[in-house]
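Everything below concerns the one structure shown next.
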Amino acid sequence: MLRQQLNDALKAAMLGKDARTVSTVRLILAALKDRDIAARPKGLADGIGDDEIRQMLQSMIKQRRESIALYEQGNRPELAKQEADEITVIEKFLPRQMGEAEITDAVKAAIAACGATGIKDMGKVMAALKASHAGTMDFSKAGAVVKKELGG
C-alpha cells in the first residue's frame, strides 16, 4: 500500500510540476529498489513490506536532520532548507509521530508492563516499545525517557 502511495505521489508531483517532491520521491523509490534487491536472496521476491519501508523513511529523515546540523554549522542555509523540505515530503508517507507527552506515557506503560525496575531492564522496555509503537515513535527520544524513568 505504501509502495502505491509513493508511485501515486510521484505521478501527482510530476503533473503538478513540483520539482522538490519529484526529486525526493525519486530518492525514496531508488532507496526502496536497493532494499528490494537486497531482500531477494532472503526469499522476498515481492520486495520489503510496509514496516521496513517506514523504517527506511525514518532513517532517511534522520540522515537529513544530521545533514541540516552540518549545513548550519558550515553556514549553508540554502542546503539546510533543501534538506528540511525533503523531510517535509518524506513525513507525508509516515504515520503521525508521537509527541513528548505521548512518548512519556507510552514509556511509563511499557515499564509497568515489563515490570522493569532498573536501568538493566532498558533493553526489555525498548523491545516492548518497538513492538507496539513501530513507525510512530522516535526511539532516540524514547531511549532518553526510558533512561530517565529507570533512574539511569
Computed ³J(HN,Hα) along the stretch 65-79: with the Karplus parameters 6.51/-1.76/1.60, θ = phi - 60°, integer Hz and x for glycine or proline, the list is 5, 5, 5, 4, 4, 5, 5, 5, 5, x, 6, 10, x, 5, 6
Pop out the ³J(HN,Hα) list for the stretch 5-11 in order, Karplus 6.51 cos²θ - 1.76 cosθ + 1.60 with θ = phi - 60°, rounded to Hz; leave Gly and Pro as x.
4, 5, 5, 5, 5, 5, 4
Calculate the spin-label point distance for ASP34 paired with ALA109, positioning each point 7 Å from the Cα along the beta-carbon direction, and give it in nanometres.
3.5
Measure up LYS92/LYS124; LYS62/LYS147; LYS62/LYS108; LYS11/LYS42; LYS92/LYS141 against 27 Å on the Cα-Cα distance and list the ones that go over.
LYS92/LYS124; LYS11/LYS42
At 222 nm, what helix-only mean residue ellipticity would the chain give, in deg cm²/dmol to the nearest 500, using -39500 (n - 2.57) for each DSSP H run of four or more?
-24500 deg cm²/dmol
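Counting only heavy atoms of protein chains, what accessible area per residue, in Å², does the stretch 1-133 have with a probe of 1.4 Å? Could the numbers behind the result be given before it?
On the way: 8260 Å² over 133 residues.
Dividing the accessible area of the stretch 1-133 by its residue count gives 62 Å².
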Using Cα pairs under 8 angstrom and six or more residues apart, how large is the relative contact order of the chain, in percent?
20
Over the chain, what percent of the accessible surface lies on carbon and sulfur atoms, probe 1.4 Å?
55
Label-point separation in nm, ASP46 to LEU15, each point 7 Å along Cα→Cβ:
2.7
If the only charges are +1 at each Lys and Arg Cβ and -1 at each Asp and Glu Cβ, what is the size of the charge dipole of the chain around the Cα centre, to the nearest 20 debye?
220
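With 19 Å as the cut-off, how large is the P(r) tail for the chain, expressed as percent of Cα-Cα pairs? Write out the running numbers ahead of the final one.
Working: 7153 of 11476 pairs.
Everything past 19 Å amounts to 62 percent.
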Under a plain spin-label model, where a point goes 7 Å from the Cα along Cα-to-Cβ, how far apart in nm are GLU66 and GLU78?
2.6
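With N set to the number of residues, divide the alpha-carbon radius of gyration of the stretch 35-120 by 2.2 N^0.38 Å and report two decimals. It would help to have the intermediate numbers written out before the result.
Details: Rg = 17.9 Å, N = 86, 2.2 N^0.38 = 12.0 Å.
The value comes to 1.50.
The values are calculated or read from the model by the stated rules, or taken from the named source; none is laboratory data. Predicted model, so just to flag it, every value in this text is computed and none were measured. Cβ sites come from the backbone with ideal geometry, for glycine too, and all protein chains shown count toward neighbours. For the accessible areas, the whole protein counts, side chains as well, though only heavy atoms, and no ligand, DNA or RNA atoms are used. Shrake-Rupley method; radii C 1.70, N 1.55, O 1.52, S 1.80 Å.
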